[in-house]
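Q: Sharing a structure with you now.
The values are calculated or read from the model by the stated rules, or taken from the named source; none is laboratory data. Note that this is a predicted model, so its numbers are computed, not measured. Please note: Cβ atoms are built from the backbone with ideal geometry, for glycine as well, and neighbour counts cover all protein chains shown. Note: areas computed on protein heavy atoms with side chains; ligands, DNA, RNA excluded. Shrake-Rupley method; radii C 1.70, N 1.55, O 1.52, S 1.80 Å.
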Amino acid sequence: MTITRRSEPTEGRHRPYTIGDAASDRLPGSSFAAGTRLRAHVGTGVRYILLTVVAAMFLFPIYWAVVVSVDHRSQVFTLPPHLVPSFDLNPIRRALVVLPWAKYFLNTTIITLATIVSVLVTGALAGYSLALREFRGREVLFAVLLAALMVPPEATLIPDYVITARLGLLNTLAGQVAPVAANVYAIFLFRQFFKTLPPSLWEASQLDGVSWYRYLSRVAVPMARPAVVTVTLLTFASQWSAFEWPLIITQGSRARPVEVALSFFQGFDGTHWREISGAALITMLPILIVFSFAHKYIVKSVAGDTGDT
Amino acid sequence: MARLQIEGAVKSFGSTRAVDRVDLDVADGEFAVLLGPSGCGKTTLLRLVAGLEQLEQGRILLGGRDVSQAAPADRDVAMVFQRYALYPNMTVFENIAFGLRARKIGKSEVAQRVERVAAALEISQLLGRRPGTLSGGQRQRVALARAISREPKLFLMDEPLSSLDTKLRSTMRAELKRLHHRLGATVLYVTHDQVEAMTMGSKVAVLRDGRTVQVGSPSDIYHRPADDFVASFVGSPPMNLLDGTVVRAEPGMVVVGVGSASLTLCGTDWSGTASGMGVRIGVRPEDLRLGPPHDSRHRLLGDCTVEVSEPMGHETVLHVNLGGDSLVVRTSSDGLPEYGEKVPLAIDPARVHLFDVSTGVAVGAATEGSVLSPVGAAR
């Protein structure tokens, strides 16, 4: 049995909407639907225009860096700005040759990877203890850790430097990993995630004779994949672009990361904008590559959404 | 397999005593069921046996060895959890093998055991799948397979069928029973479902407020309830309880006044009764009958009014009102009275239970030869 409403005759139902359509003007139901569709189209259009404007605002600095890096020296400071470059690749070539980039990239890669592993291990272990192990003062300890989040990083700069110096870690890769080897945010994230695991999983493991570290490594951490992804991405982003601390504790190319190497072009003889722009674009590449693959997770991480990734 | 002995087990949470001096002896190969309502301490008792909770007093012996202080892993028990507790990130094979590997069992032995137990539970085709892709019944089988593969001394099961639908639950009940016969395993099974307890257990322990109220065979629990709590908890629909008074108590016989009638009950021992004592008279729904008595066993109790009818197909459960008391009658589905109709209600006096109204404790059960007299006959 087919039920047909009077206001929606079957012959008009599948016709595409056109403004001024005589049939739809006559039928109140159809003109209402058409009006709704038109408003929806306009809404989508406005949304896309806004998104395009915002995207352009974010992309422009990158484009500007490209323009500066391949333009003639004299055209870098012209007003109105010179938006179509003249493709002089010499500054980038110079920037690539003048510094041992491979060494800097290697340093940054080692520092970033070591920090990610360290933050994951310490975060998972501490998060596990704070979530699932019973011990005296557990909640107080957690509160103290959270309070540490409120201390501005500048306040710990000098103590960190003194400790690093006393440990003999100045101008080393380890000296750049140690102060950030454990991260309260990662601990918090793992703790919250482990708390959501059904207690029966750990109990089943206990009855099976599974040790806590085997349970942690084989069950709890693999199940905390969203937390692992979030911590990895946020640590990568912050360590790859770390500048202040490496600048303070490193000299020469032995332990310097790429971000600090960029400052080489800001010398006593002024800033070499074309070279610095070219080099900045190169150092930015890994982040852009990672972002292109993992932008969905990064957005979720920053938004604090650790749901199913 | 091994014998389980629980002696004077005590466990409290704050000021609440969850398990209060519980004794229980489960023979080697026995299927024992802990039955009771929510919060009666049955799961806590099971967790004490597993070692997931620490005993405050008493001790637990498994195969004659005191395991009260042993870690869960050292007790050689396997547990099937209410919500299965399968590792979601592992395949069915890995789920079963995880505990075996932790016990340093060789790789080929692990594979053999997993395949053997999977074949026994008909889940061989699921070994490569993850728990998230399985149905409730399949997950339950995997959880069972994981427990069985360990070949433990004792199986602990915490309401393992409660998450399944009615049909699957009935299938799994039969399957668990078959499995128990085949393995000859000692099982301690927790449930609040008296159907599960009655159909599966060879021994049932009824718990209330952390204490064992009665331990016995399902038949004992049903036919000789230790108190009015067991009487009303076991059986579906539950036993009818009516308040009455002991009119006369003699050795081997007691006369009880209930409503407008009096019951002369025969039995071996009515020593717990005395004249004037308040009692609760218990009668199972199947021991009541609608219509005038047409056999030698049943006696007319009075006229009742039909209030609610629950047809089940093979039988009908009727809620009737007898002089202000609500009673439940189990009857065949033929020729049923209408709603509001007044019909005679007959009782089998030989199947009547008496409980002390102040303590709830059973003071005796009637036997053959008990009779019901009309109003005032015994007074």
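Q: In square angstrom and rounded to 100, what buried accessible area do you get between chains A and B, total over both, with the probe at 1.4 Å?
A: On the way: alone 19420 and 16930 Å², together 34680 Å².
The summed interface area works out to 1700 Å².
Q: Using modelled backbone amide H atoms (1.01 Å from N, in-plane), which distant-in-sequence or interchain residues come within less than 5 Å of residue B:214's amide H?
A: B:206
Q: Across the range B:204-211, in residue order, what do the Karplus-derived ³J(HN,Hα) couplings come to in whole Hz, using 6.51 cos²θ - 1.76 cosθ + 1.60 with θ = phi - 60° and x for Gly and Pro?
A: Here the 3J(HN,Hα) series is 10, 10, 8, 10, 8, 6, x, 10 Hz.
Q: Specify the longest stretch of chain B that does not include any exposed loop site, a site being one of the GluC sites (Glu not before Pro) with a non-H, G, I, E, B DSSP assignment and at most 15 other Cβ atoms within 10 Å.
A: Working: sites that count: B:56, B:122, B:315, B:338, B:341.
The answer is B:123-314.
Q: Another question, if that's okay. Do any trypsin sites (Lys or Arg not before Pro) in the range A:66-160 lie in a DSSP loop with no more than 12 other beta carbon atoms within 10 Å, and if so, which?
A: Values: sites: A:73, A:93, A:94, A:103, A:133, A:136, A:138; in loops: A:133, A:136.
Answer by residue number: A:133, A:136.
Q: I would also like to ask the following. Long-range amide H contacts for residue B:82: which residues qualify at under 5 Å (H placed 1.01 Å from N, peptide plane, sequence gap of 5 or more or a different chain)?
A: B:158
Q: Can you send over the solvent-accessible area of residue B:80, 1.4 Å probe, protein chains only, in Å² to the nearest 10?
A: Surface accessible to solvent at residue B:80 totals approximately 0 Å².
Q: In terms of Cα to Cα distance under 14 Å, which aspartates and glutamates are near enough to residue A:103, apart from those fewer than 8 places away along the same chain?
A: A:259
Q: Keeping all protein chains in the complex and leaving out DNA, RNA and ligands, what accessible area do you get for residue A:132 with a 1.4 Å probe, in Å² to the nearest 10?
A: That residue has around 60 Å² of solvent-accessible surface.
Q: Provide the gained length on full extension for the span residue B:332 to residue B:130, in nm with one decimal, where the gain is 0.36 nm per separating residue minus the Cα-Cα distance.
A: On the way: separation 202, 0.36 × 202 = 72.72 nm, distance 4.71 nm.
Result: 68.0 nm gained on full extension.
Q: Are there trypsin sites (Lys or Arg not before Pro) in the range A:208-265 that DSSP marks as loop and that have at most 13 other Cβ atoms within 10 Å, and which are they? The partial results should precede the final answer.
A: Values: sites: A:214, A:218, A:254; in loops: A:254.
Within the range A:208-265, the qualifying trypsin sites (Lys or Arg not before Pro) (loop, at most 13 other Cβ atoms within 10 Å) are A:254.
Q: Label residue B:21 and residue A:109 with points 7 Å out from Cα along Cα→Cβ: what is the distance between them in nm?
A: Each label point is offset 7 Å from its Cα along the Cβ direction, giving 7.3 nm.
Q: When the accessible area of the protein assembly as shown is computed with all protein chains present and a 1.4 Å probe, what percentage of it is carbon and sulfur?
A: Accessible surface attributable to carbon and sulfur in the protein assembly as shown totals 60 percent.
Q: Which FRET efficiency value, to the nearest 0.05, is calculated for residue A:150 and residue B:174 with the Förster distance at 51 angstrom and r the Cβ-Cβ distance? Please report the intermediate quantities before stating the final value.
A: On the way: r = 61 Å, r/R0 = 1.20.
After rounding to 0.05, the efficiency reads 0.25.
Q: While we're on this one: With a 1.4 Å probe and every protein chain left in place, work out the accessible area per residue of the range A:151-219 in Å², rounded to a whole number.
A: Value returned for the range A:151-219: 50 Å² of accessible area per residue.
Q: State, to one decimal in nm, how far the label point of residue A:90 lies from the label point of residue A:162, with both points 7 Å from Cα in the Cβ direction.
A: Each label point is offset 7 Å from its Cα along the Cβ direction, giving 5.2 nm.
Q: How crowded by other chains is B:90-102, given as the mean number of beta carbons from other chains within 10 Å of each beta carbon?
A: 3
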